[in-house]
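Notes follow once the structure below has been shown.
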Amino acid sequence: MPNMFGFSRRRIKIGRSKGHKTDPLHGSSSLTNGGDPITASVSGRADDLAYHCSSDSFDLDARALDGSENWAVLSTEGGKPAPRFAHAAAIVGSKMVVFGGDTGQCLLDDTKILNLEKLTWDSDAPKVRPSPNGRSLKLPACKGHCLVPWGNSVILVGGKSEPASDRLSVWTFNTETQIWSLMEAKGDIPAARSGHTVIRAGATLILFGGEDTKGKKRHDLHMFDLKSMTWLPLNYKGSGPSPRSNHVAALYDDRILLIFGGHSKSKTLNDLFSLDFETMVWSRVKTNGPHPSPRAGCNGALCGTKWYITGGGSKKKRHAETLVFDVLESKWSVRAIPPSSSITTKKGFSMVPLYHRDKIVLVAFGGNKKDPSNKVEVLVVLQNEHSYSWRSAPDVDSMLYEYSPSTKELADHLNKCAPLYSSSSVARHSLTSTVKYSQVEETSLAQKLQKPIDDDKYDYVDDCSSCPASTPKERRGKRTGADIQMDMARTVAVKAENPETEGLNARRIARSASDMSHLYNTKITDLIRMNAALEDQLAAALASKDQAEKNLSLVINSREQLEKRLASKANEAEMLKEKIAGLELAQEESNSLSNTVHADNVRLEREVAFLKAITDETQKEMHSTRRVLAGEQSRAFQLQVEVFHLKQRLQMVEGRSGTPRKPHNP
């Protein structure tokens, strides 16, 4: 089966933008997810066992689902999540992870986990890992996002959040540690969106379509390399799907991307497109059978060559039926029509496939019709079909169907019980190999004991003439202990009949018995020695396990101490942030006062300059007035002199006339 991711060189040249020359996806199949090794399967998924729920405690038969032809409610226990819709779900191992959604009143940012072994909801609240610079992070409350399984983690991509973001964010959640981490993406990061689809192939995410924060429908194609955390756009040929959101997508055979339905700008769609990653050419698929009505908001799960699509609808009508599209035959058919009370008739529910033993079960959760729901429903779509094609489904473990020898079970058990530390793992691997080798040695020993004893090997050369002709190899068979006893009885009878050869036969029998005894003793000694070696290795492995457990406890203690220190540092950082905020406020106030003082100084300088100008003008006027006054004073003095002279003349005239004159009354 061709493996699409890594790309061939031709595909790299066609599919990737010209600015990127390297090939981060082409390489070994060993991936990394938070330090845990993950092996990519031929189906293109990493860690296919993440899709299995192989525990015997999860008994679908006990839930009365065998032979069920329709959706059925699955009762769960524990603290059930709040009713919601437009959320996302994914299955990792025996856990279904549900994140976010809409209650009709607000968006959610909680993480809920359904343990499929016990059918109980976990109540522990996950944590969020701080950023590398120590800054505390918070998961965005969102809806219309995607949740993709990867190893023991799930990956959260995009969604409509409050407040809105310009760029698409990628988060990862480890189901074992229950810690969320923000992936510091780089490259050509797509615009933020909701109602898109994300498909994983190995260590690569394929993103298509969606609706951005401005309400614009999109039909762009991007890929995200989980190893280098880099976004790259993908170029393609042909007339591809129109811009849309709330569609469904699937990846068949790690090569063919399928897109169905969704909302465009003005209508609801029911077209089906395929993209061949070998040629990077879009084409519209011609189908057979009853063609589905236009629908958006449906859910899909590709199981082998069957693509199950459930629910969805348009603005006027909801569609309840569960459709099946046969990828090989390009044929549509109806799998089930649930009752009106089923959550698959609602909008915004989630659906994920669960692989359990010889069954494939579709698990649906949530949704909204009149009120949001938190029910879980299941539909068994495949059972007791071992010849089914699993090219696009996880590999089924043969241990689920076949009985294994006890020694192999012991070896597998030792492998499963291997601790995290390398020394103990190596010791247990060695012990497992030794157990298997002991099984081979025991089988070899049994075969050797069953081999015929070649009498000619023990005959003396001098007695060859008295021995019967050698048995041809093709007539010799495996001789068991009963055969040997019968030969010994015949030999005793021959002794009685032929006394002459009694001594010779006695020597031959004694030699044969001696050699057999020596062979048994040798093998028993080897087994005892091997048993002692196994016990020593087992003791070493147990000691390594104890040491590993001690180291693990030390690591856990160290981790707790580090978490405490981290919490204290976070508190100190918060205090420093508050102090910095106070200093920034004080700085702002100081800057404001400085600006005010500067403005006052400028105003005062202008007023002083204006007053100086007025003073200069006043001084000039005073000088002019002084000059005028001086002139007036000199004129007044002249007038006084003239008056004095006039008085003298008047007196002289009056003295001459001798007669006084009466004053004149005006």
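Observations on the model:
- All of LYS647, LYS569 fail the test of being at negative phi and touching a residue at least 24 places away in the same chain (Cβ under 8 Å), apart from LYS569.
- Scanning segment 227-248 for residues that are modelled with pLDDT under 95, within 24 Å of the chain's Cα centre (by Cα), crowded, with 19+ Cβ neighbours inside 10 Å and in a loop (DSSP other than H, G, I, E, B) turns up nothing.
- All strands (runs of 3 or more DSSP E) inside segment 114-180 with 3 or more residues being of a type outside the set (Val, Ile, Thr), modelled with pLDDT of 90 or more and in the same structural domain as GLY104 (by TED's automatic domain parsing): 146-150, 170-174
- Filter result for the condition that a residue is more than 22 Å from ASN374 (Cβ to Cβ) and in contact with a strand residue (DSSP E or B) (Cβ under 7 Å, 6 or more places away or on another chain), over CYS298, CYS303: CYS303
- In the set (1) touching a residue at least 60 places away in the same chain (Cβ under 8 Å); (2) at positive phi; (3) small (Gly, Ala, Ser); (4) surrounded by fewer than 18 Cβ atoms within 10 Å (Cβ to Cβ), GLY215 fails one condition alone, (1).
- Selection status of ARG284, basic (Lys, Arg), closer than 25 Å to GLU321 by Cα and buried (at least 22 other Cβ atoms within 10 Å of the Cβ): no
- One residue from LYS118, LYS112, LYS186, LYS143 being in contact with a strand residue (DSSP E or B) (Cβ under 6 Å, 6 or more places away or on another chain) and surrounded by fewer than 17 Cβ atoms within 10 Å (Cβ to Cβ): LYS186
- Set side by side, the residues GLU497, GLU563 differ, and just one is out of contact with any Gly (no Cβ under 7 Å at 6 or more places or on another chain) and modelled with pLDDT of 90 or more, which is GLU563.
- Matching residues in segment 312-335 - criterion: being touching a residue at least 40 places away in the same chain (Cβ under 8 Å), more than 12 Å from PHE260 (Cβ to Cβ) and not in a strand (DSSP E or B): SER314, LYS315, GLU329, SER330
- Failed item in (1) of a type outside the set (Phe, Trp, Tyr); (2) assigned by TED's automatic domain parsing to the domain that holds SER194; (3) crowded, with 17+ Cβ neighbours inside 10 Å; (4) free of Cβ contacts under 8 Å to residues at least 60 places away in the same chain, with LYS265 passing the rest: (3)
- Residue within segment 551-569 that is in contact with a Phe, Trp or Tyr (Cβ under 9 Å, 6 or more places away or on another chain), under 30 Å from ARG129 (Cβ atoms) and surrounded by 13 or more Cβ atoms within 10 Å (Cβ to Cβ) present: yes
The values are calculated or read from the model by the stated rules, or taken from the named source; none is laboratory data. All values reported here derive from a predicted model rather than from experimental measurement. Cβ atoms come from the backbone with ideal geometry, glycine included; neighbour counts cover every protein chain shown.
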